[in-house]
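Participant: Right, I'll just put the structure down here and ask away after.
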Amino acid sequence: MSAMDWASARDLLAGRTAIVTGAGGGIGRGLACALGRVGAKVVVAVRRRTTGEETAALVRADGGEALVVEADVAKRAAIDALASETIAAYGGVDIVIHNASSALSGKTFALEDVNDGDWDEQCDTALAAPFHLAQVLFEPLRRSGRGRFIVLTSSQGLHGGAMNPVYTACKSAQRGFVKALAREWGPHGVTVNAVAPAALTDAARDYLARDPERAKAAAANFPLGRMGDVRDDIGAAVVAMCSDYWRYVTGQVVNVDGGYYTAL
Amino acid sequence: MAADASWLHGKRVFAVSVGAGLADAVVDGVADLGAEVTRLGGDLDLASAASVAAGIDAAVAAHGAPDLVVLSVIPTAAMRPDAIDAMAEADWREAAIEGLRTTMRLLQALGPHMKPHGGAIVFVAPSLSLVGTPRMIALSTLLEGQRGLMKSVARQWGASGVTLNWIAAAPRALAPFDGVALAARPDAVTIALGRAPDPRTEIAPLLGYLGGDAGRAITGATLMLDGGEWMVP
């Protein structure tokens with residue numbers, strides 16, 4: 001596998017401002033670092049400032065620009081504040097990426113065992129947050145002229161993962177949200193898409209490292225033979241989606257997963 | 001073409017309709033196929049998981065466990081077209097999040113009665129979420145969430161012999177959409193059959209198939225009944 005050629009894309013998103021929710025680790029951190037590498041000003045939206053500062057430090061170490069904003073994206077007031085701080089710092093918003101996910105996403109549930117707390121925790125982040133983000137950030141995205149609204153979903157929502165029915169329902173619901181919003185915002189020049197990634201996050205790496213046989217079996221599910229790097233595979237694809245090269249693509253669910261899900 | 005009335009003869013059917021009543025005409029057709037239909041919905045207390053379970057338990061006590069459940073959960077807030085930036089948060093929550101929660105609670109309540117002997121659950125919904133509909137973003141979100149939940153539960157309950165499937169019908173075939181101004185152009189693609197299906201005589205027979213013995217090997221599927229409009233991949 002050849003190394004990702006970042007140098008050729010160095011100024012691809014220069015001058016644009018990107019908000020990434022859930023950017024304190026995992027995929028969100030990879031997205032932030034990728035966006036910073038191609039010149040975007042990155043707003044690292046996180047629940048805990050400490051994790052956000054770690055991400056911002058990585059972005060800045062690569063020569064990028066980052067602003068950390070503490071925000072519980074399930075709450076409208078937090079989104080209002082996120083928008084205000086971003087616009088005050090950078091003058092506008094061109095890209096919104098909703099990546100934040102509940103800590104319960106990876107938990108296994110039988111349907112009969114799901115209680116209201118499990119439900120609220122997952123749905124607030126998956127379904128209330130994108131509603132708030134869309135409401136609050138529509139105008140800046142429209143004014144951008146190159147507005148991009150991207151939701152990180154999951155192939156679980158496509159193939160109907162059995163592990164966590166609430167997660168599966170939420171990720172499938174995000175598809176409906178993206179398709180409908182894409183049609184609503186198309187006349188305003190804002191594209192709306194979803195990404196279903198297969199990412200080798202630190203948590204996934206640790207999990208697979210404890211069981212080499214499972215890791216080998218898991219790799220076999222991917223035609224490319226591996227899960228994606230959060231920055232160089234998932235982040236790079238999202239960077240492309242944010243660029244002018246993807247300006248005519250909207251209402252799509254894009255699987256960035258090494259060929260894992262091919263049933264569409 | 002007449003459907004085979006033997007498919008549902010003597011079968012117990014629960015028709016659970018919450019909100020918009022999208023499946024009412026389809027359920028009439030299910031009754032035509034010889035099923036013993038119990039209509040539920042307006043009498044269910046949806047306030048909590050316990051109250052939903054109590055309502056389903058009472059229906060089972062009165063009529064026996066269902067062989068087929070026809071499910072349609074569409075809060076009325078989801079049927080009101082509006083731009084997302086003009087939508088009240090309370091309406092979003094009622095339409096998208098609470099509608100989905102109610103669906104989950106109904107499945108939770110039905111599971112203990114269906115898993116011991118198997119059966120079929122069929123959602124009846126408009127097809128518009130598969131292509132997305134502007135000004136009805138909450139409805140699109142709800143429907144795709146329900147469809148994802150349907151697939152997940154189909155996997156969880158498959159070994160128990162309970163199947164779950166999804167019928168995506170042309171909105172124009174469902175009476176509650178008669179007065180709804182859909183923003184999507186109706187002539188965006190050619191409708192192969194040139195018309196929408198009749199819910200009573202052309203959609204209901206598919207429920208008869210899915211709820212009868214012949215349909216036991218189908219689960220987690222989405223079946224488009226839109227006259228060949230979108231032909232999804």
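The values are calculated or read from the model by the stated rules, or taken from the named source; none is laboratory data. Here the structure is a predicted model, which means the values were calculated and not measured. Heads up, the Cβs are rebuilt from the backbone with ideal geometry, glycines too, and the neighbour counts pull from every protein chain shown.
Participant: Within the stretch A:156-201, track down each residue that is under 19 Å from the mean Cα position of the chain (by Cα), over 22 Å from B:P81 (Cβ atoms) and hydrophobic (A, V, I, L, M, F, W, C).
Facilitator: Across the stretch A:156-201, the qualifying residues are A:L158, A:V166, A:A169, A:C170, A:A194, A:V195, A:A196, A:A198, A:A199, A:L200.
Participant: I'm checking my understanding of the structure. Among residues of the stretch B:99-117 that are buried (at least 20 other Cβ atoms within 10 Å of the Cβ) and of a type in the set (D, E, K, R), which one is nearest to the other protein chains (Cβ to nearest Cβ)?
Facilitator: In this case the residue turns out to be B:R101.
Quick grid of which residues meet (1) in a loop (DSSP other than H, G, I, E, B); (2) over 20 Å from A:G147 (Cα atoms); (3) without any contact (Cβ under 8 Å) to a residue 40 or more places away in the chain:
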| residue | (1), (2), (3) |
| --- | --- |
| A:D5 | yes, yes, yes |
| A:D11 | yes, no, yes |
| A:A14 | yes, no, yes |
| A:L35 | no, no, no |
| A:V43 | no, no, no |
| A:G52 | no, yes, yes |
| A:V59 | no, yes, yes |
| A:A74 | yes, yes, no |
| A:A103 | yes, yes, yes |
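Participant: If B:S129 satisfies all but one of (1) out of contact with any Asp or Glu (no Cβ under 8 Å at 6 or more places or on another chain); (2) of a type in the set (G, A, S); (3) at the interface with chain A (Cβ under 10 Å from one of its Cβ atoms), what's the number of the condition it fails?
Facilitator: (1)
Participant: Right, here's the next one. Filter the stretch B:72-103 down to the residues that are over 15 Å from B:F177 (Cα atoms), small (G, A, S) and without any contact (Cβ under 8 Å) to a residue 60 or more places away in the chain and list them by number.
Facilitator: Of everything in the stretch B:72-103, those that are over 15 Å from B:F177 (Cα atoms), small (G, A, S) and without any contact (Cβ under 8 Å) to a residue 60 or more places away in the chain turn out to be B:A83, B:A86, B:A88, B:A90, B:A95, B:A96.
Participant: Given the conditions (1) more than 17 Å from the chain's Cα centre (by Cα); (2) outside any helix (DSSP H, G or I); (3) farther than 20 Å from B:I97 by Cα; (4) hydrophobic (A, V, I, L, M, F, W, C), report the number of the one that A:F109 does not fulfil.
Facilitator: Of everything listed in (1) more than 17 Å from the chain's Cα centre (by Cα); (2) outside any helix (DSSP H, G or I); (3) farther than 20 Å from B:I97 by Cα; (4) hydrophobic (A, V, I, L, M, F, W, C), A:F109 misses just condition (3).
Participant: Which of the residues that make up the stretch A:145-189 are hydroxyl-bearing (S, T, Y), at the interface with chain B (Cβ under 8 Å from one of its Cβ atoms) and more than 12 Å from B:V153 (Cα to Cα)? Break it down into steps so the answer makes sense when it comes.
Facilitator: We begin by selecting, within the stretch A:145-189, every residue hydroxyl-bearing (S, T, Y); these are A:153-155, A:167-168, A:172.
Those still in the list that are at the interface with chain B (Cβ under 8 Å from one of its Cβ atoms) too: A:168, A:172.
Answer for the stretch A:145-189, where residues must be hydroxyl-bearing (S, T, Y), at the interface with chain B (Cβ under 8 Å from one of its Cβ atoms) and more than 12 Å from B:V153 (Cα to Cα): just A:S172.
Participant: I'd like the full set of residues that are charged (D, E, K, R) and surrounded by fewer than 24 Cβ atoms within 10 Å (Cβ to Cβ), limited to the stretch A:111-160.
Facilitator: A:E112, A:D113, A:D116, A:D118, A:D120, A:E121, A:D124, A:E139, A:R142, A:R143, A:R146
Participant: If you don't mind, another one. Would it be correct to say that A:R142 is closer than 13 Å to B:G145 by Cβ and either over 16 Å from the mean Cα position of the chain (by Cα) or at the interface with another protein chain (Cβ under 7 Å from one of its Cβ atoms) (or both)?
Facilitator: Working: closer than 13 Å to B:G145 by Cβ: no; either over 16 Å from the mean Cα position of the chain (by Cα) or at the interface with another protein chain (Cβ under 7 Å from one of its Cβ atoms) (or both): yes.
So A:R142 does not fit the description; no.
Participant: Whether any residue in the stretch B:25-42 is in a loop (DSSP other than H, G, I, E, B) and of a type in the set (S, T, Y) is what I want to check.
Facilitator: Just the residues of the stretch B:25-42 that are in a loop (DSSP other than H, G, I, E, B), to begin with: B:33-35, B:41-42.
From what is left, the residues that are of a type in the set (S, T, Y) are none.
No, every residue in the stretch B:25-42 fails to be in a loop (DSSP other than H, G, I, E, B) and of a type in the set (S, T, Y).
Quick grid of which residues meet (1) surrounded by 16 or more Cβ atoms within 10 Å (Cβ to Cβ); (2) closer than 30 Å to A:P223 by Cβ; (3) at pLDDT below 95:
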| position | (1), (2), (3) |
| --- | --- |
| A:L12 | yes, yes, no |
| A:G39 | yes, no, no |
| A:T50 | no, no, no |
| A:G64 | yes, no, no |
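Participant: Where in the stretch A:183-261 are the helices (runs of 4 or more DSSP H), entirely inside, with at least 1 residues that are under 21 Å from A:G36 (Cα atoms) and touching a Lys or Arg at 6+ places or on another chain (Cβ under 7 Å)?
Facilitator: Details: elements: A:202-209, A:212-219, A:236-242.
Per the criteria, A:236-242.
Participant: Enumerate the pairs (first residue in the stretch A:242-264 and at positive phi and more than 14 Å from every other protein chain (Cβ to nearest Cβ); second residue anywhere and part of a loop (DSSP other than H, G, I, E, B) and surrounded by fewer than 12 Cβ atoms within 10 Å (Cβ to Cβ)) with beta-carbon separation below 9 Å, excluding pairs fewer than 6 apart on the same chain, so at least 6 apart or on different chains.
Facilitator: Here the result reads A:G258/A:P223; A:G258/A:G225; A:G259/A:P223, each pair linking the stretch A:242-264 to a residue that is part of a loop (DSSP other than H, G, I, E, B) and surrounded by fewer than 12 Cβ atoms within 10 Å (Cβ to Cβ).
Participant: Scan the stretch B:142-185 residue by residue and report those that are small (G, A, S), more than 8 Å from chain A (Cβ to nearest Cβ), buried (at least 19 other Cβ atoms within 10 Å of the Cβ) and part of a helix (DSSP H, G or I).
Facilitator: Correct list: B:A173 only.
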